[in-house]
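Engineer: Before anything else, here's the structure in question.
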Amino acid sequence: MSDVVARAHRVANWCRASRDQQLTRDLALVVVRVALVWIFVYHGASTLFGAFHGGGIHGEAVYFSNTVHLHPGTFFAVLDGSIQFFGGIGIGVGVLGRVAAISIAGDMIMAMITVTGAQGLVGVAGGVGYQLNLALAVLALVIAFLGTGRFSLDAQVEKVIERRRGRVTTMSVPSQ
């Protein structure tokens, strides 16, 4: 029994020690980014290119015009597909991830306002509620607030810039 208690203490200590560490934060951001890129590139490609048995621009334009009552439907179909596809890629590789995340959160908020909001959280009479839109918007906002972390292209570019600034600063100081 004491072995079980000792293991439980080790796990509890690890949880307390790791919750504020940078690596834990960055790994959590990778998990969120992978989930978002998977979902949004899939849906964006479906909208823009008709991939994955999607309706493509024309099918989505008809949906936006007739069902959602957003006109011109083609404009909103291209806007929605572009935000999802390119925003998903941006979050995935970590290029302008905060901007992409804010765009995706806005896209999900618009989906809640125009499509799923009237159905309630879980949907009524077989409809689809806004629970998934809300969850995706919140995940996108996590990226918007925290950034894409050190495992991103933005972080690598920042390191290069900092190294160059360090060289310039060192070289520009006159020697005595």
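Every number in this text was worked out from the coordinates using simple rules, so none of it is lab data. Computed from a predicted model, the values in this text were never measured in an experiment. In this analysis, Cβ positions are derived from the backbone assuming ideal geometry, glycine residues included, and neighbour counts consider all displayed protein chains.
Engineer: What dipole magnitude, in Debye to the nearest 20, does the chain give about its Cα centre under +1 on Lys/Arg Cβ and -1 on Asp/Glu Cβ?
Structural biologist: Using only the charged Cβ atoms, the result is roughly 840 debye.
Engineer: Under 5 Å between amide hydrogens, which residues at least 5 positions from Gly123 or on another chain qualify, with H placed 1.01 Å from N in the peptide plane?
Structural biologist: Under 5 Å from the amide H of Gly123 lie the amide H atoms of Gly129, Tyr130, each far enough along the sequence or on another chain.
Engineer: Rounded to the nearest 10 degrees, what's the angle between the helix 56-66 long axis and the longest principal axis of the chain, both from Cα atoms, 0 to 90?
Structural biologist: Helix 56-66 and the main axis of the chain meet at about 60 degrees.
Engineer: Within 11 Å, Cβ to Cβ, of Thr114, how many net charges do the neighbouring residues add up to if Lys/Arg are +1 and Asp/Glu are -1?
Structural biologist: Net charge around Thr114: -2.
Engineer: Here is a follow-up. So what J values fall out for region 107-114 if you push phi through Karplus, 6.51 cos²θ - 1.76 cosθ + 1.60 with θ = phi - 60°, rounded to Hz, Gly and Pro as x?
Structural biologist: Each residue of region 107-114 in turn: 4, 5, 5, 5, 5, 5, 5, 8 Hz.
Engineer: Ordered by residue, what ³J(HN,Hα) values in Hz, to whole numbers, does region 124-129 give under the Karplus form 6.51 cos²θ - 1.76 cosθ + 1.60, where θ = phi - 60° and Gly and Pro are x?
Structural biologist: Per residue, the Karplus-derived 3J(HN,Hα) values read 10, 6, x, x, 9, x Hz.
Engineer: Follow-up question, since we're still on this one. Can you order the peptides 137-144, 86-93 by their average number of other Cβ atoms within 10 Å per residue, highest first?
Structural biologist: So the peptides 137-144, 86-93, ranked by packing, come out 86-93, 137-144.
Engineer: Arrange the peptides 69-79, 122-132, 29-39, 156-166 so that the one whose residues have, on average, the most other Cβ atoms within 10 Å appears first.
Structural biologist: So the peptides 69-79, 122-132, 29-39, 156-166, ranked by packing, come out 29-39, 69-79, 122-132, 156-166.
Engineer: Next question. Could you tally the net charge around Ile104, taking each other residue with its Cβ under 15 Å from the Cβ of Ile104, Lys/Arg +1 and Asp/Glu -1?
Structural biologist: Cβ neighbours under 15 Å give a net charge of 0.
Engineer: I've got another one for you. Just for the Cα atoms in region 25-172, what are the lengths along the principal axes, largest first, rounded to whole Å?
Structural biologist: 67, 29, 24
Engineer: Roughly how tilted is helix 2-18, in degrees to the nearest 10 and between 0 and 90, from the longest Cα axis of the chain?
Structural biologist: Compared with the principal axis, the helix lies near 80 degrees.
Engineer: As I understand it, the value is the acute angle between the Cα axis of helix 73-93 and the longest principal axis of the Cα atoms of the chain; what does it come to in degrees, rounded to 10?
Structural biologist: 20 degrees
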